[in-house]
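All of the numbers you see were taken from the coordinates with simple rules; none came from a lab. Note that this is a predicted model, so its numbers are computed, not measured. Here the Cβ positions follow ideal geometry from the backbone for every residue, glycine too, while neighbour counts run over all protein chains shown.
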């Protein structure tokens, strides 16, 4: 997404590489984050998210490439000069200091008066609902409280850029939900740039104004949640974004690139692919783009293989062999369906994604 | 499980069996008391010893028959501990209540007379008092030197640098040497004619240097040798604390822009505090007992006698065995009181903090 104004991006990484011994953690990674953006760095564990954040904070110096903050090159700049704050996945609270002292720590050497420190600590504590915990040691707090202390400690300095390394991974589901809303609120309140690393697609989609999807130490695709959902660049991004996951069916290009042949039958695409007839491809279709139709207007029909009730909706898997097709139905419809029933299905052909079977890249 | 089921039932109290340890204890006690009362002391000694051996044997047979292999396996260690440590400890405690000299045959019960003598007359004697102040001096100087040097070495070795592993082994070597070897090494080192120290001073234009010619020099020489030997011990303990500090705390501190002293006191120090106190305790107790290096380096000359060396002198060289035992027990009492006071304060502070 191009920035509408001409201010330099808050964070930009340019062809950055980093290796730990023989392991190459980052390979020519590039992306930029606009000023004041809530940016999500999304990918499975050990994909290089943490290394990326540590590089922005200055804890790690890249082997190659360039890191810039607000347009200024900081690749080799000391941590102190960067104005970046970070919340660690492990929280990294100082175990021998009280919550109060943990909050005050970043201010202690910043030449802030003790009255001002006291005011800021109390403000931060009440904002995070920790006012009654100030005299406790971190290890006597619950996971959620520890997380809020870690957050408060990095916010108290009012950083321009806040890095969050999987901050909610160590929390239970209910707390995670609350903290997501809390983080959104804090972002609106302070307007700082936030880079949020997460392996959870729901977190990435619900929180990130923009998302960079990472694989093997590089960014595969960057875009808004809608862009990633509507126009995934390859099967990796398509499979990572969206729940339930996209259906990927083995298919062969037919009719001069205008239709696909699959185990469920042939489908006209309504457009012409840049592929020859007979090319092997994957046909991707999101469960939400499939619906039950009348038998006359159906594009295919297949037996029910599996029912997964998820409360108000049910994921229904159709198919006979290894190829299967998931579809999401409201609970009211799904309750009438039994295993083995043949369902007539209509596909929204405009929303079919086609990916090359050779390299997984989208064919448009 | 089957072995437990197969083990024979414990014998009845009255049956005579090699594994009837309850009966063995009862018989042993009765025989010992009778022997002490009736027989002359040197015969009773062996009878009581035989009874103790009988009880121990019954324990071993019992452990074997009941399949208490754990107990069986530690029994040699317990036997050695008893014979070499516990028995002499109790024996010397007993001796301290008698008037006894190892070069004479007579032995006479005097109750607390030895202690009374020590606490009233001997303590007033300037010689013994000087020994006590010397000991205190050595405790303060050697422990301070060891703590500082050991701590600095630990800070150095907590970092990564080339050859660290090999240098670490080298630095730890003094601790593993015999004190005698260290004493001999340093007496050559300090030797006025051939010693390295004197040679170096001569090379710098000085005259032949006799370190041991003044009390300051003698004390410095002993303290240096002791610190050289035992600083690695302090280092090892502190190093264990330093490497246990999670790295992410330092990273968090770097992000929070905190470094230097504040980082040391708030993050590092809490992890090594307990170990520093442990090192302090161990080294203080050891320093109280300092005699070996004094014997090897000055033989107590130049007013460097310590109280432990004094005990060795009166007990071994002057054959005042029971007085030596009494003085040893007074020292043990002092060390125990000081140690417990220290532990009490340490525990209270760590709970209050």
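On C-alpha positions alone, give me the angle between the axis of helix A:173-190 and the longest principal axis of chain A, in degrees, nearest 10. For helix A:173-190, the angle is close to 60 degrees. Measuring nothing but alpha carbons in the stretch B:256-353 and taking Rh as the Kirkwood radius, the Rg to Rh ratio lands at 1.20.
Taking the helices alone, the protein assembly as shown has a mean residue ellipticity at 222 nm of -14500 deg cm²/dmol, built from -39,500 (n - 2.57) per DSSP H run of at least 4 residues and averaged over all its residues. Under a Gaussian network description of chain B, with springs only between Cα atoms under 10 Å, the residue in B:195, B:71, B:150 that fluctuates furthest is B:71. For the stretch A:247-363, compute Rg over Rh where Rg is the Cα radius of gyration and Rh is the Kirkwood radius from the inverse mean 1/r over Cα pairs. Answer for the stretch A:247-363: 0.99. When you work out D = kT/(6 pi eta Rh) for the stretch B:115-352 at 20 °C and 1.002 mPa s, using the Kirkwood radius from C-alpha pairs as Rh and the Stokes-Einstein form, the result is 106 µm²/s.
A straight line joining the Cα centroids of the stretch A:93-116 and the stretch B:264-306 runs 36 Å.
Annotation for residue A:206 and residue A:169: the two label points, set 7 Å from Cα along the Cα-Cβ direction, are 1.9 nm apart.
Computed from the mean reciprocal separation of all distinct C-alpha pairs, what Kirkwood hydrodynamic radius does the stretch B:2-76 have, in Å? Computed over the stretch B:2-76, the radius equals 13.5 Å. When chain A is treated as a GNM with alpha-carbon contacts under 10 Å, the residue of A:115, A:68, A:239 showing the greatest mean-square fluctuation is A:115. What FRET efficiency comes out for residue A:98 versus residue B:345 if R0 is 25 angstrom and r is the Cβ-Cβ distance? Round to the nearest 0.05. About 0.60, to the nearest 0.05. Binning the C-alpha pair distances of chain A at 10 Å intervals from 0 yields a P(r) profile of 5, 21, 25, 21, 15, 9, 3, 0 %, listed from the shortest bin outward. Along the Cα-to-C-beta direction of residue B:137, a point sits 7 Å from the Cα; which residues of the stretch B:297-312 have their amide N less than 16 Å from that point? Output list for this probe position: B:297-310. For the stretch B:14-132, the alpha-carbon radius of gyration amounts to 1.47 times the rule-of-thumb value 2.2 N^0.38 Å expected for a compact globular protein.
For the stretch A:247-363, the relative contact order comes to 29 percent (Cα pairs under 8 Å, sequence separation of at least 6).
Springs between Cα atoms under 10 Å define the GNM used for chain A, and in it the highest mean-square fluctuation of A:339, A:13, A:69 occurs at A:339. For chain A, the longest principal axis of the Cα atoms and the long axis of helix A:99-108 meet at an angle of about 70 degrees. Counting only alpha carbon atoms, the long axis of helix A:143-155 and the longest principal axis of chain A meet at about 70°. Every Cα-Cα pair of the stretch A:268-311 was included, and the share exceeding 14 Å stands at 72 percent. Taking all Cα pairs closer than 8 Å and separated by 6 or more residues, the relative contact order of chain B comes to 20 percent.
Take the Cβ atoms of residue B:29 and residue B:89, set R0 to 25 Å, and the FRET efficiency comes out at 0.75. Extension gain, residue B:119-residue B:202: 0.36 nm per intervening residue step, less the Cα-Cα distance, totals 25.1 nm. Take the Cβ atoms of residue A:296 and residue A:63, set R0 to 56 Å, and the FRET efficiency comes out at 0.35. The protection proxy used here, the mean number of other Cβ atoms lying within 10 Å of each residue, ranks peptides A:103-109, B:41-47 as follows, highest first: A:103-109, B:41-47. Contact order, relative form, for chain A: 15 percent (alpha carbon pairs under 8 Å, 6 or more residues apart, mean separation divided by residue count).
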